[in-house]
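Read the structure below first, then the notes.
Every read-out reported here was derived from the displayed coordinates using simple, explicitly stated rules and does not represent laboratory data. It should be emphasised that the depicted structure is a prediction, and the values quoted were computed from it without experimental measurement. Neighbour counts are summed over all protein chains in view; Cβ atoms, including those assigned to glycine, are modelled from backbone coordinates with ideal geometry.
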């Protein structure tokens, strides 16, 4: 019996199948410190226990994206080991902050299957849930990936394409228990701009850039126990380059967005995202944002802002797609998310 | 309204102005571990809770320089974003050890201003204080930087150059509550040399060298939430090099100084310091020290030693300045500090 | 009096001499997180406090190899600063798991000495013990190194070559108190293969590869406070390369071995090991294992498996030595250890 994991191929998935992912992970102060070493993260709620308490939380949670990365990393051996491409995200929601000492595990349900017309690959849709040690779902999201068939003669499954919300409504968003911005300290947070100061359509150039190193993206990706070969093994791709985990770019861009969005404290919804072009070491990541929408939430004082976060490898800000409707070559990430701000 | 931080320019400062810096930070076991991963730090009091307890402290504090870096990092967006040069330090004092779980914030008072004769820049002197969650000052220091004017036609402020102590006297130094070297374990500390074994004028070559990597200095500098572009963005300088945060060189040299100064356990005073020449990745840092002074403290068994710590990028030790009085090109750091040793 | 540590030379050792190593170290959540960032470590017992509790332990211990590295690192200034070569390991045993908050120190006894016929070097055998803050031995091992003489005219000591077990028997292994695999969760552990599924002689290619970066091996080696110049100073070797700490290769290979040996949870014995060829940055580490032996232990449900773990820098798996009996050039590590698995 072969002992190593060959990953699942397209024909190994079935609608309704639930995959409990392996290797639960306890996160703690070490993961928090590493997140701050790997990304220029400065959102005060994740930097200071005191600030978090001032916002009604028991202490500073793990960065929302770190929670996402840990959950995502668990799914890789079961979902994307034989993936050709990571096609999209939808209906991502953060349901409960993750605190030091929490243990996360993950489970995915196959909710869509569609064989491609070439007969060699297919698209798999999974809804993934991350749970803590109490069994509470801390986050969930839908992801779809293109996966190779191992046996091209395997019959095509019935096509099921799930209906997914293009955008989460504000009612879909879960505000963490106790969150209270009534005593929010804008000086300590770093910027005076509140929810009311942002306008739909407003664009923000986050100015700063960070040049990417191999050691850093590999440490980050390993920290999330993401094992995809292509991120670690320079002999894997013919060009000798290690493809950088898309989540590294997300975290880098989000951290850079502090400069202009310091009060967009908590990420609560992920509407969608595209890894438009690959990222490699040596490139310099810059970021810009656009306010796509705003909404009041059920909690007084807590506003929701829907943001487009774009990571580029240089070039002028605010350029996204060419006349052909395709992403410009310098665009690496186009992310659509909801964050919470003091009103 | 522009949302991003343009930084302050010379004309934005006024004598007596107090700037509360943003983004408080809770430090913990993760920061301690990262400090040991980034620097060859081996001073036993910072490595072992047991050793620290044997010296009368409740547990191992965060490295004194890590506390400095966190406080310094907080000031960057307000003090040195438009700085042309970091000119000097004075009157630095560590007033209280920082322990895992402490939350640090920082505040600076403008204590000096002097426009340069070119009318385009000026020197700003600030006294910065780092506070913990109880509001206690854990450290303070004066720093002066050369800052660009945004509006060269802005009127020059009245020149105020603060009188600063060239050297702190031993009476200025604060010995941590409870510090007691009467049961000091020289074997576990790593060297037998006590305060009485060092002579003023003695020079020590710390022998070991460390070659600097981009990933490491960026992780360190980010860990302190220091956001100066020049450390991270390879496209920022025309030569494509990232300038390494001067504090990275300080910590590297201090850690190297263990070899010969293993018992210079705690840093309590910073008399001054010059970043004589820049540091870039690929260089190999070496260090040497000179005993500048010695003094007994108010606590029996605890001696103070004033040390010059020099970091070089190679070359023979003990060479500092040329016949022209300028630092030799291989000298990167000339630091003057007080440390505590068992008598 | 020279203040820096010149290290010990061959003539400085005597049979029966006990060396208490310096710089005790408290390990915690930070070290655990860094271990996961530096190595693709996924064994569930070290990743999840919940999983560890399910196996009868109070929480997730520090990785067994991290404990080894900390203990090993302590010995470097006293044992291998003037070593020409690290010749071998034997009788390594993990006696007690190390938990966050534990403080480790180390002590070595000289148990063998043999001057080489060239009169310039000799072999020193030491038995090293790592102790926690309660004075309990957490691990021990024998290591022998070739050390230079400082004074080639110093008389040769009487030759003493200790009798060392070529392989530990299962009765030599210590099963951690309370370890209980009766509720072992194979799904969360990541593989269904239990002790009974492995056969003596079976070989496993661990498939994945990791390309090595300077920043990572230096961070790892510093984290263990291993100060050997050759790992850090690019100017030390004539070829400008930093020799990678052999323990970095051990940890990398062990982590890679998850893929096929996910249930070989705890390392309890080290029978021997050879650093067959050096490792440098830029190489891609791959690993394969061979089952050398199996044994039942005194604890029902806990089986012991003796494994050969081989790290290579590429090439086909399962090739170890050439016709000349020498290690092939692509082999970097040949390690022989005992691990515990659910029966």
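So, in nm, how far is label residue C:199 from label residue C:85 when the simple model puts each one 7 Å beyond its Cα toward the Cβ?
Taking the two extended label points, one gets 3.8 nm.
Give me Rg over Rh for chain A, both radii from the alpha carbons and Rh done the Kirkwood way, two decimal places. If you can, show how the numbers build up before the last one.
On the way: Rg = 19.7 Å, Rh = 20.6 Å.
Ratio of gyration radius to Kirkwood radius: 0.96.
Using alpha carbon centroids, what distance separates the range B:284-333 and the range A:160-232, in Å?
The range B:284-333 and the range A:160-232 have Cα centres spaced 45 Å from each other.
Roughly speaking, what is the centre-to-centre gap between the range B:34-111 and the range A:31-73 when only Cα atoms are used, to the nearest Å?
Each part reduced to its Cα centre gives a spacing of 21 Å.
What is the distance, in nm, between label points placed 7 Å from the Cα along the Cα-to-Cβ direction at residue B:150 and at residue C:235?
It works out to 4.4 nm between the two label points.
How high is the FRET efficiency from residue A:53 to residue B:59, r the C-beta distance, R0 25 Å, rounded to 0.05? Intermediate values should be presented prior to the final figure.
Details: r = 22 Å, r/R0 = 0.90.
Result of the calculation: an efficiency of 0.65.
Fewest Cβ neighbours within 10 Å first, please rank B:149, C:120 accordingly. Numbers along the way, then the final one.
Details: B:149 20, C:120 12.
Ranked by crowding around the Cβ, least crowded first: C:120, B:149.
Across peptide B:39-45, how many C-beta atoms of other chains are within 10 Å of each residue C-beta, on average? Write down the numbers at each step before the final one.
Details: counts 2, 7, 3, 9, 1, 5, 0.
That average works out to 4.
Can you tell me the alpha carbon radius of gyration of the range B:294-343 divided by the globular rule-of-thumb value 2.2 N^0.38 Å? Intermediate results must be reported in sequence, preceding the final value.
Details: Rg = 14.8 Å, N = 50, 2.2 N^0.38 = 9.7 Å.
Expressed relative to 2.2 N^0.38 Å, the Cα Rg reads 1.52.
Using a Gaussian network model of chain A with C-alpha springs under 10 Å, which one of A:213, A:163, A:296 is most mobile by mean-square fluctuation?
A:163
Return one quarter of the surface area of the convex hull spanned by the alpha-carbon atoms of the range C:193-343, equal to its mean projected area, in nm².
Values: hull surface 38.9 nm².
So the Cα hull casts an average projection of 9.7 nm².
Quick one: order B:218, B:146 by neighbouring beta-carbon count within 10 Å, fewest to most. Show your work: numbers first, answer last.
Values: B:218 27, B:146 18.
In increasing order of surrounding Cβ atoms, one gets B:146, B:218.
So how tilted is helix C:29-38 from the main axis of chain C? Cα-based, degrees 0 to 90, rounded to 10.
The helix C:29-38 is inclined about 90 degrees to chain C.
Give me the one-decimal nm value for the distance between modelled label points at residue B:14 and residue C:207, 7 Å along each residue's Cα-to-Cβ direction.
About 6.7 nm, to one decimal.
Compute the FRET efficiency between residue C:298 and residue B:175 as 1/(1 + (r/R0)^6), taking r as their Cβ-Cβ distance and R0 = 56 Å, and round to the nearest 0.05.
Numbers: r = 54 Å, r/R0 = 0.96.
Once the sixth-power term is evaluated, E becomes 0.55.
What's the angle, to the nearest 10 degrees (0 to 90), between helix A:64-79's Cα axis and the longest principal axis of chain A?
With rounding to tens, the tilt is 0 degrees.
By how many degrees, between 0 and 90 and to the nearest 10, does the Cα long axis of helix B:214-223 differ from the longest principal axis of chain B?
The answer is roughly 90 degrees.
Based on DSSP H runs of at least 4 residues, each adding -39500 (n - 2.57), what is the mean residue ellipticity at 222 nm of chain A after dividing by all its residues, to the nearest 500 deg cm²/dmol?
Taken over chain A, the calculation gives -5000 deg cm²/dmol.
Can you give the relative contact order of the range A:1-159 as a percent, counting alpha carbon pairs under 8 Å and 6+ residues apart?
Working: 326 pairs, mean separation 48.0, N = 159.
Result for the range A:1-159 is 30 percent.
Tell me the Kirkwood radius of the range A:217-288: reciprocal of the mean inverse pair distance over distinct alpha-carbon atoms, in Å. The partial results should precede the final answer.
Details: mean 1/r = 0.0727 Å⁻¹.
Averaging 1/r across every pair of different Cα atoms and inverting gives 13.7 Å.
Fewest first, what order do C:244, B:19 take by the number of other Cβ atoms within 10 Å?
Numbers: C:244 26, B:19 20.
Fewest-to-most ranking of C:244, B:19: B:19, C:244.
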